[in-house]
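Structure, as structure tokens:
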Amino acid sequence: MRYQIPIHAGERTCTAHVGSGLIANMGPVVASALRRQARRAFIVADSRVPGAFTLAAAESLKGVGLASRVVAVKPSEQDKSLASLERLLVEMARMRLERDDIVVAMGGGIVGDLAGFAAAIYRRGVPVVQCPTTLLAMVDASVGGKTGINLDAGEGPLAEPLKNVVGAFHHPHVVIADVDTLRSLPPRTLRCGLAECIKHGLLAGGAGDPGLLDWTRGKFASILSADPATLAELVSRNIALKARVVEQDEREQASDEAGGRALLNLGHTFGHALETLPGLIGHPGSLPGGLHHGEAVGIGLVAAATLGAALGLTPPDMAASLRELLEEAGLPTRVDHLPEDDRIIDRMRHDKKVQGAAMRFIVPLAGHGAKVVRDPPIQAIAAALQAIRL
Ligand code: GLY
């Protein structure tokens, strides 16, 4: 099954193509999405992507007259850095990439953000094709034009890298989400994408797909066994949902009352703080090597629901039912050795969603919606952190 979802953002409409066998046939799709004839494609490939996919992409692009160069990038938060950005820009210049040429970002969200940002600033902007190869990148990072890198800001409380503080909005010309790429992924990576789908499911009532969360829950087994038809439907429904939110508030400038795109950050204020603290282990399931983004977001959803309940905004039983749902998907909902509250609150104060001096959280509401909350009482934040402590 193949889907085409229009995404209206910025000055143009970009189409997201979702289905099987898309990478090997991407040349004509890319050529028809470009306004002018490109001659070169700079493919930034996540080092986890099997070579067969990058070769197939290069071959298909060659068929429409584009010569490709492939550069591999490690998909770690440490590598989403100024140094990696510089390396890509230098390679692009060495390849003599021109204004009409393209960057193809093939990989997970880290590679999409990094390559997308390089495309945004090289020669003041060249077209980017987002070719996400993880579930998380398909349903979230590749849609909506956010690109960027982390910044290592030095000593003291800022010692851990600040996530996504340098970046640009740069919408892709086309998104190619080939679900065949998901078959080569470890289950942990699929689960991380599921956390973002669950987040979308919690928002879906306000965004035109109220049955999404229940449908997703009913399909956990087929999703985690990478059934292509289920994955294609999952990805297309999530892209459509995100597109509807982004179209209404492209630059995340809606008021707190309206919510807008900021609501997509449900679970992320806690989640970003958790994933930038090194070496945390999620439970249930001992997951070495720190929390991945999707895991941190899942835990953040439980924290956000607990915060909302402490403020009288979220139904009191929602955190417990969310925990059950996330654990059914095999995701952690608590953290071992979580540092003291002050350290986490300090991380959250430096999150990019802080506006002025205020800390901004998104809390879920009954009936699938969410609300922006500014500077809640510290006791309510403490209750939320207590709920995710092992
Ligand atoms: N991942 C949230 C957004 O794109 O706004």
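None of the figures in this text is laboratory data; all of them are computed from the coordinates on show. What you see is a predicted model; the values in this text were computed from it and never measured. Using ideal geometry, Cβ is built from the backbone for each residue, glycine included, and neighbour counts are taken over all protein chains shown.
What does the C-alpha gyration tensor say about the overall shape of region 293-341? Classify as rounded when a/c is under 1.5, otherwise prolate if a/b is larger than b/c, or oblate. All intermediate terms of the calculation are to be shown ahead of the outcome.
Values: a/c = 2.24, a/b = 1.22, b/c = 1.84.
Verdict is oblate for region 293-341.
Would you mind counting up the charge near Arg36? Only other residues with Cβ under 14 Å from its Cβ, with Lys and Arg at +1 and Asp and Glu at -1.
Details: positive: Arg12, Arg35, Arg39, Arg40, Arg99, Arg123; negative: Glu98, Asp100, Asp101.
In short, +3.
Only Lys, Arg, Asp and Glu count, each charged at its Cβ (+1, +1, -1, -1), so figure out the dipole size of region 1-151 about its Cα centre, rounded to 20 debye. If you can, show how the numbers build up before the last one.
Numbers: 18 positive and 12 negative charges, 90 e Å.
The calculated dipole for region 1-151 is roughly 440 debye.
What order do you get for Thr230, Thr134 when you list them from fewest to most C-beta neighbours inside 10 Å?
Values: Thr230 20, Thr134 29.
Lowest count first: Thr230, Thr134.
Report the Cα centroid-to-centroid distance between region 288-305 and region 87-143 in angstrom, as an integer.
First find each Cα centre; the distance between them is then 26 Å.
Output the antiparallel fraction of DSSP beta bridges having both residues in region 84-240, as a percent to the nearest 5.
Working: 5 of 12 bridges.
Antiparallel bridges: around 40 percent, rounded to the nearest 5.
Using a simple charge model, +1 on the beta-carbon of Lys and Arg, -1 on the beta-carbon of Asp and Glu, nothing else, what dipole does region 274-356 show about its Cα centre, in debye to the nearest 20?
Working: 7 positive and 12 negative charges, 58 e Å.
Using only the charged Cβ atoms, the result is roughly 280 debye.
Over the alpha-carbon set of the chain, work out the extent along each principal axis and list the three values in angstrom, largest first.
Taking the Cα atoms of the chain, the three principal extents are 60, 47, 40 Å.
Given R₀ = 22 Å, what would the calculated FRET efficiency be for Phe169 paired with Glu247, taking r from the Cβ atoms and rounding to 0.05?
On the way: r = 13 Å, r/R0 = 0.61.
About 0.95, to the nearest 0.05.
What ranking, highest mean first, results for peptides 109-115, 262-268 when packing means the other Cβ atoms within 10 Å averaged over each residue? Don't jump to the answer; show the numbers that get you there.
Details: 109-115: 28.3, 262-268: 25.3.
Ranked from most to least packed, the peptides come out as 109-115, 262-268.
With the crude spin-label approximation of a point 7 Å out along Cα→Cβ, what separation in nm comes out for Thr13 versus Glu91?
3.4 nm
Spin-label point model (7 Å from Cα, Cβ direction): what's the Arg69 to Ile345 distance in nm?
Calculated label separation equals 5.1 nm.
Return a whole-number percent for the relative contact order of region 39-92, with Cα pairs under 8 Å and 6 or more residues apart as the contact set. Don't jump to the answer; show the numbers that get you there.
Numbers: 48 pairs, mean separation 23.5, N = 54.
Reported relative contact order: 44 percent.
Please work out how much length the chain gains when fully extended from Gln379 to Arg124, using 0.36 nm per residue of separation minus the C-alpha to C-alpha distance, in nm with one decimal. Before the final figure, lay out the partial values.
Working: separation 255, 0.36 × 255 = 91.80 nm, distance 4.62 nm.
Taking Gln379 through Arg124 to full extension adds about 87.2 nm, to one decimal.
Return the calculated 222 nm mean residue ellipticity for the chain, to the nearest 500 deg cm²/dmol, obtained by summing -39500 (n - 2.57) across DSSP H runs with n ≥ 4 and dividing by the residue count.
Result for the chain, helices only: -12000 deg cm²/dmol.
Please work out how much length the chain gains when fully extended from Gln37 to Ala366, using 0.36 nm per residue of separation minus the C-alpha to C-alpha distance, in nm with one decimal.
Working: separation 329, 0.36 × 329 = 118.44 nm, distance 4.96 nm.
Separation in residues times 0.36 nm, less the Cα-Cα distance, equals 113.5 nm.
In the structure displayed, which of Lys219/Lys242; Lys74/Lys199; Lys62/Lys199; Lys74/Lys371 lie more than 31 Å apart, Cα to Cα?
Working: Lys219/Lys242 20 Å; Lys74/Lys199 26 Å; Lys62/Lys199 39 Å; Lys74/Lys371 36 Å.
Pairs exceeding 31 Å: Lys62/Lys199; Lys74/Lys371.
Where in region 104-138 is the amide nitrogen less than 18 Å from a point lying 7 Å along the Cα-to-Cβ axis of Gln78?
Zone members listed by number: 110-111.
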